[in-house]
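Following: one structure in structure tokens, then a few remarks.
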Amino acid sequence: MTDQTFHPADAPAASDAQPPAPPPPQSTSPAGPRRAPGNATRWIVAALAPVLAVGLFIGGAAADRAGLLGTPVAPPASTPAPSGEGADLALIEEAWRAIHDNYVDAKNLDDRELAYGAIRGLTDAVGDDGHTSFLTAEEAKAVDDSLSGTFVGIGVQVSTETEEVIIGSVFPGTPAEEAGLRRGDRIIAVDGTTTEGETLDEVVARVRGPEGEEVTLRIRRAGTADFDVTIVRRRFDLPLVTWSMVPGRTIAYVRLEQFASGATTAMQAALEAARRDGATAVVLDLRANPGGYVNEAIGITSQFVGDGAAYRTIDRSGAEKEVPVESGGAWTDLPLIVLADGDSASSAEIVTGAIQDAGRGRMVGEMTFGTGTVLGRFDLSDGSSLRIGVERWLTRGGRPIWHEGLQPDVTVALADDVALVRPDDLRDMTAAELAASPDAQLLKALDLLRDEG
């Protein structure tokens, strides 16, 4: 999501899904977070609105009751303890009834929110961090919109680290860029309410909102006093691929923001244009790329790897298969370096792993996020949706990605507040200005290609 991880601060995690009945699930790759697989990344984009409750609970077991600060209250003698098949599911209904029968303000309970909270708890307990998840109808629509490359929001990608909400990317040409937000800024309050103690999803939900409405963020930035920024949310198109020739070199610097629909076509066009302009090597920037459609991951991989597998899958039965690359790639024969970091997830990891395993290029940066499941989409009756990991993937060489991530060939760490050089920046730079840039990952990639252009 530009302005989730797939969530950016503009849209939830990139993924695709299916209804519980045919047609079969459409596969996508997840969205990712910063640094370690426990963190989460979100794109902030769409407004949240009430939706109808999901029918979740069945049966009629009575609830166990206990006073939090008092003496436990025994259940009615006629209520047997659940046992056998369905016992664990019955516990959910027991909890549901206990809340409705005993909560002091039961008349104001919101059954929809209770049901959604229970479903989120189920997906969180699966352990497929940042991937298997629940989306409201509005969030599901935001995902679909984001994977078309169109967003409503402010234009940032955010993640959590040490319980702080950190801006990982500010996209060019967006309200956030125009407001002066930077990579590494901490969001410490939204519309006057602190973010302390809130989950990333809760913060993202408050930053999201309708087109044309304002949101005020309190920002903490190293070296300055905390300050407020008021931004008007608007609709914008995120360029999927941007590129530029490196000043003084015959190297093309190509950045892919996410694996949305059309990413392969855009990448192929950029690579062909770079070749026409005399490029003899490429730096492919997948930093902070949260993933997207798995077919785009295959297509992007195929631009750089000429034969063999893009990746392998293992389904729930343990059956393994290889997913081949496609023919006709635009850059399968010339030098290549990939930039990736802790926010590079899912489809970005498929591409990076394939390039490493095929010996097509080295990865520079930091260990990737470690999202290693292909999502199936299962739409619920009210328009909300489950994204469920239906397959686990390995790199083409058989390396696991899930919960492990990919290790760089050359490790170069960057502080959170270091501004990444983007192709749009590069066009206005001299070679000396680039050499003085703090983007040590890009500079290292160019150093490794010193004999190639």
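For the reader, a short list of remarks on this structure follows.
- Looking across region 153-208, just one residue is under 20 Å from F369 (Cβ atoms), in contact with a Ser or Thr (Cβ under 9 Å, 6 or more places away or on another chain) and among the acidic types (D, E), and that is E164.
For (1) over 25 Å from G376 (Cα atoms); (2) among the aromatic types (F, W, Y); (3) modelled with pLDDT of 95 or more, each residue gets a yes or a no:
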site	(1), (2), (3)
A260	no, no, no
T264	no, no, yes
E272	yes, no, yes
A310	no, no, yes
E326	no, no, yes
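- Within region 215-257, strands (runs of 3 or more DSSP E) holding 1 or more residues that are under 30 Å from A273 (Cα atoms) and among the β-branched types (V, I, T): 241-245, 251-256
- Residue count for region 353-372, restricted to those that are of a type outside the set (A, V, I, L, M) and under 16 Å from the mean Cα position of the chain (by Cα): 5.
- Looking only at region 201-233, residues that are crowded, with 17+ Cβ neighbours inside 10 Å and within 30 Å of T264 (Cβ to Cβ) come to 3 in all.
- Test result for A354, within 21 Å of A310 (Cβ to Cβ) and either touching a helix residue (DSSP H, G or I) at 6+ places or on another chain (Cβ under 8 Å) or among the aromatic types (F, W, Y) (or both): yes
- Identity of the residue in region 384-417, open to solvent by 40 Å² or more (accessible area, probe 1.4 Å) and small (G, A, S), that ends up farthest from the chain's Cα centre (by Cα): G397
- Applying the criterion of being surrounded by fewer than 24 Cβ atoms within 10 Å (Cβ to Cβ) and either modelled with pLDDT of 85 or more or assigned to a strand (DSSP E or B) (or both) to the residues of region 151-165, the residue that is farthest from the chain's Cα centre (by Cα) is E164.
- Residues in region 208-230 that are within 29 Å of G262 (Cβ to Cβ) and touching a Leu at 6+ places or on another chain (Cβ under 7 Å): R208 only.
- Condition check for A189: open to solvent by less than 20 Å² (accessible area, probe 1.4 Å) and more than 18 Å from R422 (Cα to Cα): yes
- Those residues of region 308-341 which are of a type in the set (V, I, T) and under 18 Å from G389 (Cβ atoms), in sequence order: T313, I314, V323
- Evaluation of S437 against (1) surrounded by fewer than 21 Cβ atoms within 10 Å (Cβ to Cβ); (2) under 21 Å from A297 (Cα atoms); (3) more than 20 Å from the chain's Cα centre (by Cα) (one fails), failing number: (2)
- Unmet criterion (only one of (1) over 16 Å from V126 (Cα atoms); (2) modelled with pLDDT under 95; (3) touching a strand residue (DSSP E or B) at 6+ places or on another chain (Cβ under 9 Å)) for A413: (2)
- Residue check, F378 open to solvent by 30 Å² or more (accessible area, probe 1.4 Å) and among the hydrophobic types (A, V, I, L, M, F, W, C): yes
- Tally, over region 323-341, of residues that are closer than 21 Å to G372 by Cα and touching a Gly at 6+ places or on another chain (Cβ under 8 Å): 6
The values are calculated or read from the model by the stated rules, or taken from the named source; none is laboratory data. All values reported here derive from a predicted model rather than from experimental measurement. Glycine also receives a Cβ, built like all others from the backbone with ideal geometry; neighbour counts cover every protein chain displayed. Keep in mind that these areas ignore ligands, DNA and RNA; they rest on the heavy atoms of the full protein, side chains included. Shrake-Rupley method; radii C 1.70, N 1.55, O 1.52, S 1.80 Å.
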